[in-house]
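Please read the structure below before turning to the comments.
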Amino acid sequence: MKFTTIATLALLTSSLVASSLATDAKKAGLKAIPSSTTELLKLIDNPKNPITPKKIELGKKLFFEPRISKSGLISCNTCHNLADGGDDGLSAAVGHKWTVNPHHLGSPTVFNAVFFDSQFWDGRDPDLEKQAQGPILAAPEMAATKEHVVKTVTSMPEYVADFKNAYGAGVKINYEKITDTIATFERTLVTPSAFDDYLNGNENAMTATQKKGLKIFIDTGCATCHTGIAIGGSMNAFNITATYKYMNVGDFKGDKNGMVKVPTLRNITQTAPYFHNGQIWSLKDAIKEMGRIQLGKKISNKDAASIEEFLKALDGRKGHIILPTLPASTSTTPKPDIN
């Protein structure tokens, strides 16, 4: 009886500690991706352009469609590779004619971008619909024009039929409708993780090592900026207590107020290199540098390793994406232009 009582007390104590940590995480502003599909849809849907299966499938085709770029080689997936971390794994994005981003900025991940408060490193666009319009037209990226994109899509009867099926027979296929459809697909790129399972009540979803790392993450102050469902994604000041040691690589200084979008930590183990200009390849080193420049703290190797273990719990479950079969070009489809 005595043994049973001791075992029960030990189990109860362990449960209370776990519950306390989950509560602390929520108090720190960390939020879980809802386990309920209904609740999740409320968060990711756009009332102005509701998500439907037909829009998702059409948006997926367009996301993988390279012919909307000037060269006919670059698709959204080129810089936001869904087979990996949703980015390109480069220090700076490379676009049309092998042009390196002129500000030496890396491509942020598209996974869970629906949860970001703002898009782009300088936060200039409020949502995925607006964001999707930019890279296609940017000279260093896809280098297309609105006219080229519309002419390309409408030159293929299969795309025209897809738009009618998704939006109705009277749909006007313009540039904004095309990019809105891409954004609809991107809104579904959500990756729930062991961390979400833990916050949603499964106390065994994270390992003891990961829980220890979560506590250090919170106590150190990392959740001051890396918060919300995205564990990032909002605008915050940069270089608060010191200057990032690679600040001279590229000319990016943030928005007009010096604010920079906080990167999501979801799937962070898959999105090296780190920081806006991709100068740090080790996650542990990135953690220590963030502590130095944002918190004024010298994070030890031991604590950095613990935090890194917690971050592994943010590696999410990606939906099974089948590569779409794109329609054949026709005689009126614009020809690739690599100049």
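The values are calculated or read from the model by the stated rules, or taken from the named source; none is laboratory data. Predicted model only: the values in this text are computed from it and were never measured. Positions of Cβ are backbone-derived with ideal geometry, glycine not excepted, and every protein chain shown enters the neighbour counts.
Observations, loosely collected:
- Just one of the listed residues (N339, N257, N277) is in the same structural domain as K31 (by TED's automatic domain parsing), part of a loop (DSSP other than H, G, I, E, B) and within 25 Å of V100 (Cβ to Cβ), namely N277.
- Of all the criteria given as (1) buried (at least 16 other Cβ atoms within 10 Å of the Cβ); (2) in contact with a helix residue (DSSP H, G or I) (Cβ under 9 Å, 6 or more places away or on another chain), the one not satisfied by N202 is (1).
- Residue tally, condition assigned to a helix (DSSP H, G or I), hydroxyl-bearing (S, T, Y) and modelled with pLDDT of 95 or more, over region 2-60: 3
- Residue match in region 312-320 (condition: in a helix (DSSP H, G or I) and within 18 Å of the chain's Cα centre (by Cα)): yes
- Among residues of region 199-221 that are farther than 20 Å from S300 by Cα and at pLDDT 95 or above, those with a beta-carbon under 8 Å from a residue that is of a type in the set (S, T, Y) and not in a helix (DSSP H, G or I) at least six positions away or on a different chain give the pairs N200/S35.
- For K298: the one exception among (1) surrounded by fewer than 19 Cβ atoms within 10 Å (Cβ to Cβ); (2) assigned to a helix (DSSP H, G or I): (2)
- Residue list for region 76-90, restricted to those being buried (at least 22 other Cβ atoms within 10 Å of the Cβ) and closer than 16 Å to E141 by Cβ: C76, C79, H80, D87
- Lone qualifier among I68, I44, I56 - being crowded, with 16+ Cβ neighbours inside 10 Å, among the β-branched types (V, I, T), within 20 Å of I231 (Cβ to Cβ) and touching a helix residue (DSSP H, G or I) at 6+ places or on another chain (Cβ under 6 Å): I44
- In region 101-127, the residues that are under 22 Å from A32 (Cβ atoms) form Cβ pairs under 8 Å with partners that are crowded, with 18+ Cβ neighbours inside 10 Å and of a type in the set (D, E), at six or more places apart or across chains, as follows: P108/D87; T109/D87; V110/D87; V110/E186; A113/E186; V114/E186.
- For region 217-240, the count of residues that are among the polar types (S, T, N, Q), more than 22 Å from T23 (Cα to Cα), over 16 Å from the mean Cα position of the chain (by Cα) and assigned to a loop (DSSP other than H, G, I, E, B) is nonzero.
- All positions within region 61-79 that are among the charged types (D, E, K, R) and in a loop (DSSP other than H, G, I, E, B): E65, K70
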